[in-house]
1. Does A:Ala301 meet the test of being away from chain B (no Cβ under 14 Å) and in contact with a Pro (Cβ under 7 Å, 6 or more places away or on another chain)?
2. Restricting to the stretch A:263-276, what's the tally of residues that are within 12 Å of chain B (Cβ to nearest Cβ) and either in contact with a Ser or Thr (Cβ under 7 Å, 6 or more places away or on another chain) or crowded, with 16+ Cβ neighbours inside 10 Å (or both)?
3. Of the residues that sit in the stretch A:252-277 and are in a helix (DSSP H, G or I), β-branched (Val, Ile, Thr) and over 16 Å from A:Leu322 (Cα atoms), which one is modelled with the lowest pLDDT?
4. In the stretch A:94-117, what residues are surrounded by 15 or more Cβ atoms within 10 Å (Cβ to Cβ) and in a helix (DSSP H, G or I)?
5. Quick check on this structure: which one of A:Pro5, A:Pro90 is surrounded by fewer than 16 Cβ atoms within 10 Å (Cβ to Cβ), touching a residue at least 60 places away in the same chain (Cβ under 8 Å) and closer than 27 Å to A:Lys138 by Cβ?
6. If I ask for residues that are among the polar types (S, T, N, Q) and more than 14 Å from chain A (Cβ to nearest Cβ), which ones from the stretch B:19-54 would you list?
7. Among the residues of the stretch B:18-34, count how many are assigned to a helix (DSSP H, G or I) and either free of Cβ contacts under 8 Å to residues at least 24 places away in the same chain or surrounded by fewer than 17 Cβ atoms within 10 Å (Cβ to Cβ) (or both).
8. Restricting to the stretch A:187-238, and then to whatever is in a loop (DSSP other than H, G, I, E, B) and within 14 Å of chain B (Cβ to nearest Cβ), can you tell me which residue is nearest to the chain's Cα centre (by Cα)?
Amino acid sequence: MMQAPIPSNEKERLLSLHTLGLLDTNPEERFDRITRTATKIFHVPISTLTLVDERREWFKSCQGLPNREGSRAISFCGHALLANEIFVMPDTKKDIRFFDNPMVVGKPYIRFYAGVPIMNADGQRVGVFCIKDIEPRKFSKADGEILVGLAGWAELEVNSRNLSLALEERKEIEQKLIGEKTKLKTANKKLESLDKLKDEFLSIASHELRTPLTAINGLVSMILGGEYGEVNANLREPLGDVNASSERLIHLVNDLLSLSRIQAGKMMYTFSEFSIADAVNQAVHLLLPLSEQKGLRLTIAKLEPVIIQGDSEKVKEVLNNLIGNSLKFTDKGSITISTKSEPDKINVYITDTGIGITKDDQNKLFGMFEQLESGKDKSASTGLGLHISREMVRKMGGELWIEKSETGIGSTFAFSLPVAKSKLAHEIKKAVDLTVKS
Amino acid sequence: MAKALLLVEDDKILLNMYQKLFVNHGYDVHAAMDGEEGLRKSLEEHPDLILLDIRMPKMDGMTMLNSLRQDSWGKDAKVIILTNLDPIDTILQGVVKNQPAYYLIKATTNFEGVLEKVKEILETQNPNTNTEQ
């Protein structure tokens, strides 16, 4: 007798068989109906759907045999497992491999066998679909085709278990994904509410910080303004310092608020068309007292009444910041404002005769909280002003830059803003450009 | 006769400060320390101008202003919102646009600025008052 051979890829084959999850499970009608059909078509007493395990053949479905398993070594299916398409043994007694097989010479006295290998979805041979008879038989090509057809059906059923498992797995993954999605949504909502909380906090903190500052600043101003009676002369200077400090604190709070709004993308702009000349005049008017106090000339050299597009309050803030910086870093001489009309935009220049900025410092200028070497001995500022100004100008479609700066000679800062789109604005711009040329 | 101002402000120090300022400049100053009191005094005393804070206990300034505008006298009452809340912050969005009131930020408006604004508003004639005359 020849024992059933072991395939070369036995390990992988067994792994594949076991992943099917069919071994040692209960009989199922979906398989039994195939073996039943086979016995009826071929008029044979025995038909099995066999799974070939490491040491045994195990019948997922079985007609005509009392046991559900047998030894692999003496099994016919062990041979059929490796057949090309079909393994047919018309008379077992006439084949050297089987004539003395215990199942031939003893129960159930098998004389005929025909089996077709069954593959798993991954291509591994996991079992055999077969018919057996106790009489020798002729097996025609047509018979073979029918058996292969039935085996194909069985193979589909074997793999449908696979498919349903895959489907189940997919469902599980989908469920997990839905769970993750819900978690993300919840996390997102939490973040949104945190963001809102932060905004509210900032709004309230600004209020709470500003209230005592308003009191300090207001009271000292009123004292200095004589609202509480005459002020002792030697108190004027320290009281003035208290005022300057509280003003600085107010600016700091305002800057921090602006910065947080810019970073959160929540700075709001109310766009309108207005004359850049008006904005410059108003900003200069506001800062004239300060320049006079420092003995500096604050002058407007050339002002073209070009209508621009932007948020007029923000433009005034930018001007206030740039002129304010010049005033701060200039001890003698002048600060001069001028404009230059260019195609589709207007440039505004603020030139001072101040301390100037070194090349190194120019690179740091627009960073946040940068204190420059050149301005070290000047009263500290937050270093946020230029950063905020540039962000605001950019949001209005312009740019802000250092035109030139030299230590000991002075600096020129510049920013541009787009000309308004209206017809009137363009006509005014044209007229301005003509005047400039002539 | 001196013009009557109603200051609605919950911060005692600021209230005293503004009170002193307006008394010095010849106004008849009345005070309320929350929105409820502010609304009651507005409707009882019919001041010439109300200076109104926003964040206050019991009733905030916006709620008080809304209630005031429901009243036949209050709908045309002159109001300056005098607060430290930025108009671009959530609570006030739309309010400055929709409410016929003036808006000043305390921290960035010096006392001369507040005085000036008060004087300016008291001098402007209410259009509705004109038609009544």
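1. Values: away from chain B (no Cβ under 14 Å): yes; in contact with a Pro (Cβ under 7 Å, 6 or more places away or on another chain): no.
No: the conditions fail for A:Ala301.
2. Result for the stretch A:263-276: 1.
3. Here is the first cut: in the stretch A:252-277, the residues in a helix (DSSP H, G or I) are A:252-263, A:276-277.
Then drop every residue that is not β-branched (Val, Ile, Thr), which leaves A:253, A:262, A:276.
In the following step, the residues that additionally are over 16 Å from A:Leu322 (Cα atoms) were identified as A:253, A:262.
Working: A:Val253: 80, A:Ile262: 76.
Restricting to residues being in a helix (DSSP H, G or I), β-branched (Val, Ile, Thr) and over 16 Å from A:Leu322 (Cα atoms), the top hit is A:Ile262.
4. Once the filter is applied, which keeps residues that are surrounded by 15 or more Cβ atoms within 10 Å (Cβ to Cβ) and in a helix (DSSP H, G or I), the stretch A:94-117 yields A:Met103, A:Val104.
5. Values: A:Pro90 fails: touching a residue at least 60 places away in the same chain (Cβ under 8 Å).
Just a single option satisfies the conditions, and that option is A:Pro5.
6. Initial filter on the stretch B:19-54 (among the polar types (S, T, N, Q)): B:19, B:24, B:42.
The one that is among the polar types (S, T, N, Q) and more than 14 Å from chain A (Cβ to nearest Cβ): B:Ser42.
7. Within the stretch B:18-34, the first condition is being assigned to a helix (DSSP H, G or I), and the residues that meet it are B:18-24.
Now narrow it down to the ones that are either free of Cβ contacts under 8 Å to residues at least 24 places away in the same chain or surrounded by fewer than 17 Cβ atoms within 10 Å (Cβ to Cβ) (or both): B:19-20, B:23-24.
The number of residues fulfilling the criteria is 4.
8. Taking the stretch A:187-238 first, the residues in a loop (DSSP other than H, G, I, E, B) are A:225-232.
Going one step further and asking which of them are within 14 Å of chain B (Cβ to nearest Cβ), we end up with A:225-230.
On the way: A:Gly225: 58, A:Gly226: 61, A:Glu227: 60, A:Tyr228: 61, A:Gly229: 64, A:Glu230: 65 Å.
Only one residue fits best here, namely A:Gly225.
The values are calculated or read from the model by the stated rules, or taken from the named source; none is laboratory data. Since this is a predicted model, take the numbers as computed values, not measurements. Cβ atoms come from the backbone with ideal geometry, glycine included; neighbour counts cover every protein chain shown.
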